[in-house]
1. One residue is enough: does the stretch 100-107 have a residue meeting the conditions within 19 Å of the chain's Cα centre (by Cα) and either without any contact (Cβ under 8 Å) to a residue 40 or more places away in the chain or over 30 Å from residue 66 (Cα atoms) (or both)?
2. Closer than 26 Å to residue 156 by Cα, assigned to a helix (DSSP H, G or I) and either free of Cβ contacts under 8 Å to residues at least 12 places away in the same chain or in contact with a strand residue (DSSP E or B) (Cβ under 8 Å, 6 or more places away or on another chain) (or both) - does that describe any residue in the stretch 25-47?
3. Checking the conditions here, which among 131, 171, 142 is without any contact (Cβ under 8 Å) to a residue 24 or more places away in the chain, over 18 Å from residue 31 (Cβ atoms) and in contact with a helix residue (DSSP H, G or I) (Cβ under 8 Å, 6 or more places away or on another chain)?
4. Could you say which residue among 120, 145 is loosely packed, with under 14 Cβ neighbours inside 10 Å, assigned to a loop (DSSP other than H, G, I, E, B), on the phi < 0 side of the Ramachandran plot and modelled with pLDDT of 95 or more?
5. Count, please, the residues in the stretch 154-183 that happen to be in a loop (DSSP other than H, G, I, E, B) and surrounded by fewer than 14 Cβ atoms within 10 Å (Cβ to Cβ).
6. Is it the case, given these coordinates, that residue 147 is more than 21 Å from residue 34 (Cβ to Cβ), in contact with a strand residue (DSSP E or B) (Cβ under 9 Å, 6 or more places away or on another chain) and touching a residue at least 24 places away in the same chain (Cβ under 8 Å)?
7. Assigned to a helix (DSSP H, G or I), more than 25 Å from residue 77 (Cα to Cα) and either out of contact with any strand residue (DSSP E or B) (no Cβ under 7 Å at 6 or more places or on another chain) or at pLDDT 95 or above (or both), is that true of residue 110?
8. Residues being touching a helix residue (DSSP H, G or I) at 6+ places or on another chain (Cβ under 9 Å) and loosely packed, with under 15 Cβ neighbours inside 10 Å: count how many of those fall in the stretch 25-50.
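The values are calculated or read from the model by the stated rules, or taken from the named source; none is laboratory data. The structure displayed is predicted, hence computed values, not measured ones. Positions of Cβ are generated from backbone atoms using ideal geometry, with glycine treated the same way; all protein chains shown enter the neighbour counts.
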């Protein structure tokens, strides 16, 4: 068995064991963050039957996934990086989920472009939960306004997403995100990466974005 597949199986087992111990029945899905990794590293996971993959650059995703997705229609591709408005028309053709919506301008552009090609992308709104100046994401106090806007233009918002501050105790941010997500009655919650996916799972994450723990370190 290829090491990436074994890593994925080990991660799933560790999550299930911990959540079972805590009587949590909701098992999150794993997005294998394949950015910067070549197709030969990804193919063993596809052959194993893994469905969800994450990329953070539109052009790299087009080069890597257009052919694979045309052959395997069940694969779900997640845009997890910052999305420039000038790349939206390419992104909506390929991605099934966009995790990084953080402005009305971007939301409107996604709606306009997906309408042209009659697709409906599932949307996460990225929250700048640590209120960091340099981070993408909408500020908490502007969140409800953006959600209302997205619903008004009929975007399919499925949940919230966050990237907590680096080297922080992620758990308090995950707890807060879970509360926010419940407040807005969203089903999905995108949070947790290689370093903190267990804590995210315990706080109701439904999608974990895991790269290096599956594929190894990026160089």
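1. yes
2. Applying the first criterion (closer than 26 Å to residue 156 by Cα) to the stretch 25-47 yields 25-35.
Narrowing the set further to residues that are assigned to a helix (DSSP H, G or I) leaves none.
No, the stretch 25-47 contains no residue that is closer than 26 Å to residue 156 by Cα, assigned to a helix (DSSP H, G or I) and either free of Cβ contacts under 8 Å to residues at least 12 places away in the same chain or in contact with a strand residue (DSSP E or B) (Cβ under 8 Å, 6 or more places away or on another chain) (or both).
3. Values: 171 fails: without any contact (Cβ under 8 Å) to a residue 24 or more places away in the chain; 142 fails: in contact with a helix residue (DSSP H, G or I) (Cβ under 8 Å, 6 or more places away or on another chain).
Matching residue, one of 131, 171, 142: 131.
4. Details: 145 fails: assigned to a loop (DSSP other than H, G, I, E, B).
Unique residue meeting the criteria: 120.
5. Start the filter on the stretch 154-183 by keeping residues that are in a loop (DSSP other than H, G, I, E, B), which leaves 154-155, 163-169.
Filter again for surrounded by fewer than 14 Cβ atoms within 10 Å (Cβ to Cβ), leaving 154, 166-169.
Matching residues across the stretch 154-183 total 5.
6. Working: more than 21 Å from residue 34 (Cβ to Cβ): yes; in contact with a strand residue (DSSP E or B) (Cβ under 9 Å, 6 or more places away or on another chain): yes; touching a residue at least 24 places away in the same chain (Cβ under 8 Å): yes.
The answer is yes for residue 147.
7. Working: assigned to a helix (DSSP H, G or I): yes; more than 25 Å from residue 77 (Cα to Cα): no; either out of contact with any strand residue (DSSP E or B) (no Cβ under 7 Å at 6 or more places or on another chain) or at pLDDT 95 or above (or both): yes.
No; evaluated as a whole, the condition is false for this residue.
8. Narrowing the stretch 25-50 to residues touching a helix residue (DSSP H, G or I) at 6+ places or on another chain (Cβ under 9 Å): 25-28, 30, 32-39, 41-48, 50.
Add one more test, that the residue is loosely packed, with under 15 Cβ neighbours inside 10 Å, and what stays is 25-27, 36, 38-39, 43, 47-48.
Of the residues in the stretch 25-50, 9 are touching a helix residue (DSSP H, G or I) at 6+ places or on another chain (Cβ under 9 Å) and loosely packed, with under 15 Cβ neighbours inside 10 Å.
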